[in-house]
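The block underneath contains the structure these notes are about, expressed in structure tokens.
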Amino acid sequence: MDVCLWWIGDAAADHDLLGTLRRQTEQVFHVTARAWLGRDRPTDSFDGRRQQHSSTRILKWLIDSRPEHATKVVGITDVDLFIPILTFVYGEAQLGGTAAVVSTARLLPNSGFRQDFDLFTARLMKECVHELGHTFGLLHCPLPTCVMARSVNLLHVDTKNPALCHDCQSRYAEIRKQGHEHHE
Ligand SMILES: [Zn+2]
Ligand SMILES: [Zn+2]
């Protein structure tokens, strides 16, 4: 299992930030994760009318463009994402699939203080783990502090822990077990 965390934003990649995401991914999902700095970027995701990027189109692009060794890919971007029925999304994932995308655009605090950067990092970590959880087949969790809880605003995001609750951990273990049996 190799999870690829791919910076696909407009700004330069933040290596410390990617390292933090990588470690958290490995810790929560017991997988090998790598930061990937491929320079390709999605070309057809921008919607001129909405002035936002289609997260669904980015997912399709990630599946086609991901490095060969990656069984799962999480695109991390700074552009604002949308799906047609919502004003914006923090991210999107294929349930039980290969690709996820998360955006930093709506997670930034108002000022640039160090504590705010830590808050921003924590938010991005949670959204990254959340969307990746969907690719492993995890659904939304009713527990507000679980990373798999649905978040529609930053209060929801800030309420969550960056980890799976006990029930989601059990579900995840079950999913992984079934996956292994499948391959035998
Ligand atoms: Zn979700
Ligand atoms: Zn949970």
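The values are calculated or read from the model by the stated rules, or taken from the named source; none is laboratory data. Computed from a predicted model, the values in this text were never measured in an experiment. Here Cβ is always computed from backbone atoms with ideal geometry, including for glycine, and neighbour counts include all displayed protein chains.
Quick notes on this one:
- Count of the range 133-154 residues, restricted to those that are touching a helix residue (DSSP H, G or I) at 6+ places or on another chain (Cβ under 8 Å), free of Cβ contacts under 8 Å to residues at least 60 places away in the same chain and either more than 12 Å from ligand 2 (Cβ to nearest atom) or at positive phi (or both), is 2.
- Considering 75, 96, the condition of being on the phi > 0 side of the Ramachandran plot and within 16 Å of ligand 1 (Cβ to nearest atom) is satisfied by 96 alone.
- Candidates 143, 164, 132, 139 - the one that is within 11 Å of ligand 1 (Cβ to nearest atom) and either part of a loop (DSSP other than H, G, I, E, B) or β-branched (Val, Ile, Thr) (or both): 139
- Counted residues, the range 150-184 - those being of a type outside the set (Val, Ile, Thr) and closer than 18 Å to residue 119 by Cα: 10
- Test result for residue 41, within 13 Å of residue 7 (Cβ to Cβ), in contact with a Gly (Cβ under 9 Å, 6 or more places away or on another chain) and among the charged types (D, E, K, R): yes
- Residues located in the range 67-86, provided they are within 15 Å of the chain's Cα centre (by Cα), of a type in the set (D, E, K, R) and assigned to a loop (DSSP other than H, G, I, E, B): 78, 80
- Against the criterion of being over 25 Å from residue 104 (Cβ atoms), within 9 Å of ligand 2 (Cβ to nearest atom) and charged (D, E, K, R), residue 171 qualifies.
- Matching option when the condition is surrounded by fewer than 16 Cβ atoms within 10 Å (Cβ to Cβ) and either within 27 Å of residue 118 (Cα to Cα) or touching a residue at least 40 places away in the same chain (Cβ under 8 Å) (or both), among 16, 40: 16
- Among the candidates 19, 97, 9, residue that is within 12 Å of residue 132 (Cα to Cα), modelled with pLDDT of 95 or more and outside any strand (DSSP E or B): 97
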